[in-house]
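Trainee: Dropping the structure in here first, questions after.
Read the figures in this text as sums done on the coordinates, not as results from a lab. The shown structure was predicted, so the numbers you read here are calculated from the model rather than taken from an experiment. Backbone-built Cβ (ideal geometry, glycine too); neighbour counts: all protein chains shown.
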Amino acid sequence: MATASPLPTPLAHLSRPVAEWVESVRALTEPAEVYWCEGTDAEREALTARLVRDGELTRLDPETYPGCHLYRSSPSDVARVEHLTYICTRSQEDAGPNNNWMDPEAAHGKMRELFRGCMRGRTLYVIPYCMGPVSSPLARCGVEITDSAYVAINMLIMTHAGRPALERIAHEGCFVRGLHSTGELDPNRRFIMHFPEELSIESYGSGYGGNALLGKKCHALRIASWQAREEGWLAEHMLIVGLQNPRGETHYIAAAFPSACGKTNLAMLIPPNSMPGWKVFTVGDDIAWLHPGRDGRLWAINPEAGYFGVVPGTNRETNRNAFDMIRRDTLFTNVALTADNQPWWEGLPSGVPRIDWRGRPYDAASGPAAHPNSRFTVSARRNPSYSPHTDDPRGVPISAIVFGGRRREVAPLVYEARDWAHGVLVGASVASETTAAAVGQVGVVRRDPMAMQPFCGYNFADYWRHWLKVGAGLANPPRLFHVNWFRRDPQGKFLWPGFGENLRVLAWMLERCAGKAQAIDRGIGLLPRPEDLNTAGLDVEPEALSALLSVDTELWRREVTETRAYLSQYGERLPREMLSELERTASGLG
Ligand code: SAT
Ligand code: MN
């Protein structure tokens, strides 16, 4: 077997099932060589150097951005493709109205024809990976096969990849199989297929993040949500953040927001100067696996080891941690370049873009310099607010779960669910304006239950039933909340400053968990009064604050009607508790 490695250590002998699968894929795809990833820093550097040599990566200015590189994707391959993403279960009902479905036989047949001979002349990379700390019983393993070195480098940053993962796989005997090829990058020959009953993924025709880094959305959410239902836990599209109060106590919050709605910023939040003594620790910025613990609490791990974050808008004011984090050893995708080879994106206060994200001379008339969904890939360990508990094999205990979306109106700044069952309805009712993270129209409101609309690997009705069951089994469940940082006034101006100031809302939640803070039942749930929030040093007009904490009964009646219509598509499978919770909300509105 040929190898592209400077460290020629074939790992194939470690696991026969993996080796046999790799061999069958090799026979189908006919690569020029096969390379097993060890997962060392030296290996990543060698792969990076190879892509620089081949002209696929651009080395950024080593003075200001040491160890950083730019990758430009194909211009038609810049976001997830939900319309080409399928759940292939034997029964269509199991995939549910929330997913595109294809019969597994038909899907395998279609993909086999696409994969046949597709790696001729290319290298096949084998990436054994572990989602979560390798020593954690809550972690799960997979192997991705890809013909993209860019994807391999991303996976090496984003997961615990290489030899230790393969050793765990050899020991456990179980792994998720993810086969990926960039193919011709032709949007007409692009499919992302999931086979949850077989724990496998087949992805063809895209090199972009969520379509191609199969450990991330494909495994850690779509396949894992299925595994989690079978095993009694939850795989969620949530950040995990630890908040240390001035008394030195740390509590953990998990929060679900749709893609590109500020999860990374919230996970790395910098407390405002007017809240001295608070500290924030990031455990994860995108995905949380939540397991009921023996103590009746919910314990969370971050299955990922890196961040694949949205670049535009990142600056010293909005997210200083992220801004500092991406100054070194970071892989940028689809940002612009200055004349002196520094990366540039919209939202940077200085610098002038010279080359746009497509590699053309920048011209303001042809759109933004950096793609709105341009990304950074960076090891989580580079984060100045990295929590040492990220590596704790037990995970961290969760005190509160937050759901949120991007809404100009309707949803107030924050409210608390009456109880777990109501919280499941609140999560299921999340609606949000679409963003550039997925191909399609931006800014239209769509339902995005638990921020999982694109990521739940099975029927949402069964998923909500599972949520209800998990909560009912917890002696000490987290409290559930809903937030909306994106409320606007009639002129379209944001009412809430967001970013670091969001800590005021999180602090109120923790006070609620401690049984200390007040709240008023406003029909939709429990809201703070303005005086219940810490507003010392907050630059928000009293009228804006009361607007943020108001419930427009008329709009909410309409919201209830729309939610009822939305939920009705799940028919008989919908848990009855959800409708009774909805009717309770309706009657609470008077
Ligand atoms: O493309 S990813 O799924 O990796 C990022 C996102 O949309 O959240
Ligand atoms: Mn995400």
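Trainee: Kindly state, to the nearest 0.05, the FRET efficiency for residue 244 paired with residue 50, given R0 = 51 Å and r defined as their beta-carbon distance. Each step should come with its number before you reach the end.
Mentor: Details: r = 43 Å, r/R0 = 0.84.
FRET efficiency, residue 244 to residue 50: 0.75.
Trainee: Just to check I understand the Karplus step: with θ = phi - 60° and J = 6.51 cos²θ - 1.76 cosθ + 1.60, what whole-Hz values come out for region 41-57, glycine and proline as x?
Mentor: 4, 4, 5, 4, 5, 5, 5, 5, 4, 5, 5, 5, 4, 7, x, 7, 10
Trainee: So which trypsin sites (Lys or Arg not before Pro) in region 238-285 pass both tests, a DSSP loop state and at most 14 other Cβ atoms within 10 Å of the Cβ? Let's see the in-between values first.
Mentor: On the way: sites: 247, 263, 279; in loops: 247.
Answer by residue number: 247.
Trainee: About the Cα centre of the chain, how large is the charge dipole given +1 on each Lys and Arg Cβ and -1 on each Asp and Glu Cβ? Please answer in debye to the nearest 20.
Mentor: Values: 63 positive and 68 negative charges, 42 e Å.
Result for the chain is approximately 200 debye, rounded to the nearest 20.
Trainee: Which shape class, rounded, prolate or oblate, goes with the chain when its Cα gyration tensor gives a ≥ b ≥ c as root eigenvalues, a/c under 1.5 marks rounded, and past that a/b bigger than b/c marks prolate? Don't skip to the end; give the middle numbers.
Mentor: Working: a/c = 1.66, a/b = 1.35, b/c = 1.24.
Cα axes put the chain in the prolate bin.
Trainee: While we're on this one: Going by how many other beta carbons lie within 10 Å of each one, how would you line up 216, 469, 110, 516, fewest first? Before the final figure, lay out the partial values.
Mentor: Working: 216 25, 469 12, 110 16, 516 9.
Lowest count first: 516, 469, 110, 216.
Trainee: Please list, in order along region 479-488, the HN-Hα scalar couplings obtained from phi with the Karplus expression 6.51 cos²θ - 1.76 cosθ + 1.60 (θ = phi - 60°), rounded to whole Hz, x for Gly and Pro.
Mentor: 7, 10, 9, 10, 10, 8, 7, 10, 5, 10
Trainee: Mind checking the angle between helix 16-29 and the chain's longest principal axis? C-alpha axes, 0 to 90 degrees, to the nearest 10.
Mentor: 70
Trainee: With a sphere of radius 13 Å drawn around the Cβ of residue 61, what net charge do the other residues whose Cβ falls strictly inside it have (Lys, Arg +1; Asp, Glu -1)?
Mentor: On the way: positive: 59, 327, 328, 354; negative: 63, 340.
Cβ neighbours under 13 Å give a net charge of +2.
Trainee: Distances over 17 Å make up what percent of all Cα-Cα pairs in region 9-93?
Mentor: Numbers: 2545 of 3570 pairs.
Here the long-distance tail beyond 17 Å is 71 percent of all Cα pairs in region 9-93.
Trainee: Using θ = phi - 60° and the Karplus form 6.51 cos²θ - 1.76 cosθ + 1.60, what ³J(HN,Hα) does each residue of region 186-203 get, whole Hz, x for Gly and Pro?
Mentor: 8, x, 7, 10, 9, 8, 10, 10, 10, 10, x, 5, 10, 6, 9, 9, 10, 10
Trainee: Take each of the peptides 420-430, 59-69, 498-508, 218-228, average the number of other beta-carbon atoms within 10 Å over its residues, and list them starting from the highest.
Mentor: On the way: 420-430: 24.4, 59-69: 16.4, 498-508: 20.6, 218-228: 26.0.
Result, highest mean Cβ count within 10 Å first: 218-228, 420-430, 498-508, 59-69.
Trainee: Once you have the Cα-Cα distance between residue 59 and residue 90, take 0.36 nm times their residue separation minus that, and quote the gain in nm to one decimal. Before the final figure, lay out the partial values.
Mentor: Working: separation 31, 0.36 × 31 = 11.16 nm, distance 4.67 nm.
Gain on extension, residue 59 to residue 90, equals 6.5 nm.
Trainee: Need one number: nm distance between label points at residue 294 and residue 12, each 7 Å from Cα along Cα→Cβ, rounded to one decimal.
Mentor: Computed distance between label sites residue 294 and residue 12 equals 4.3 nm.
Trainee: Which value in Å does the Kirkwood hydrodynamic radius of region 307-380 take, with 1/r averaged over all unlike C-alpha pairs and then inverted?
Mentor: Numbers: mean 1/r = 0.0819 Å⁻¹.
Kirkwood radius, region 307-380: 12.2 Å.
Trainee: Relative to the longest principal Cα axis of the chain, at what angle does helix 104-115 sit, 0 to 90 degrees, rounded to 10?
Mentor: 50
Trainee: Could you tell me the ratio Rg/Rh of region 436-590? Both radii from Cα atoms, Rh via Kirkwood.
Mentor: Taking Rg over the Kirkwood Rh, I get 0.97.
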